[in-house]
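Notes for the one structure printed next.
The values are calculated or read from the model by the stated rules, or taken from the named source; none is laboratory data. Not measured: the values here are computed from a predicted model. All Cβ positions, even for glycine, are placed from backbone atoms using ideal geometry, and neighbour counts span all protein chains on display. All accessible areas refer to the heavy atoms of the entire protein, side chains included, with ligands and DNA or RNA removed. Shrake-Rupley method; radii C 1.70, N 1.55, O 1.52, S 1.80 Å.
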Amino acid sequence: MELIGFFNEGQVYEVLLVTRSNVTPVGVVRKGNRLFFKLFGGKSREDIQDHPRASIQVTNDAELIVKLALNFPVQTEFKESDGYRWIAGLPGVYGRVEFMEEPHNDELGSATVLECSLTPEGEIDGTLPPRPISRADFHLIEMAVHLTRLLVAVRKGKLDVAKRLHDDVMLNYLMYKRFGGRSEVAKRMVETAEASFGQNSTETPAKESL
């Protein structure tokens, strides 16, 4: 069975997007034989626009996903061939990326999102360790999602939104510990959330041009 066949159509899967110079977690949705995802900014977006080739790889290591999402240090080995780059040992697919820019509006303001789709041209060999996903893992990933949005909300002066996102980080941390989570990465995320929101929660929100 081809790897893409393990993606149920319409479901969102957290995977790793490997571009020419970056690795970042993205949520992908399968439609037919294509994988769709969105990029809001950063190196991965720039890579895709300049060099529309990428790999999408699967991992069951929630801590690796979180570290890459927050630019925490990780030890990874890469391989390259025919203009593609991937993490050694993780299964995945590679292919050319089609993309277009679209406007996007949410509670954090207005932005331009890069709507992307990858059609697999080949598969990447790899083997995942037989490590089951724990309920704590889900809360660890949710902490990272809320924290990345919290940092944006603080930067844009949207302190009401930032407070809710800060509370979401803390709630998921409590649930993470309740389900037996003990990662130092979770503690570091809490420290980052406290430092970011605590330093800005008493300031007057800045005006912004959206």
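Key figures
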item	result
Where the chain is the region considered: accessible area per residue in Å², 1.4 Å probe	56 Å²
Distance from the range 30-83 to the range 117-188 (C-alpha centre basis), Å	16 Å
Computed over the chain: relative contact order in percent, which uses C-alpha pairs under 8 Å that are six or more apart	17 percent
Surface/4 of the Cα convex hull for the range 135-202, nm²	3.8 nm²
In sequence order, calculated HN-Hα J values of the range 90-103 (Karplus, 6.51, -1.76, 1.60; Hz; x Gly/Pro)	9, x, x, 10, 9, x, 6, 10, 9, 8, 8, 8, 9, x
Accessible area of the chain belonging to carbon and sulfur atoms, whole % at 1.4 Å probe	49 percent
Interatomic Cα distance distribution for the range 3-124, bins of 10 angstrom, percent	13, 47, 35, 5, 0
Calculated on alpha-carbon atoms, Rg and Dmax of the chain in Å	17.9, 56
Local electrostatic count at A136 - Lys and Arg +1, Asp and Glu -1, tallied over other residues with Cβ under 9 Å	+3
Protection-proxy order for peptides 48-54, 104-110, each taking the mean of Cβ atoms within 10 Å per residue, highest first	48-54, 104-110
Ranked by how many other beta carbons lie within 10 Å on average, peptides 171-184, 88-101 from highest	88-101, 171-184
Counted charge near F7, where neighbours are those whose Cβ lies closer than 11 Å (Asp, Glu -1; Lys, Arg +1)	+1
12 Å beta-carbon shell around V145, net charge (K/R +1, D/E -1)	-2
Cβ crowding within 10 Å averaged over residues, with 34-41, 147-154 ranked highest first	147-154, 34-41
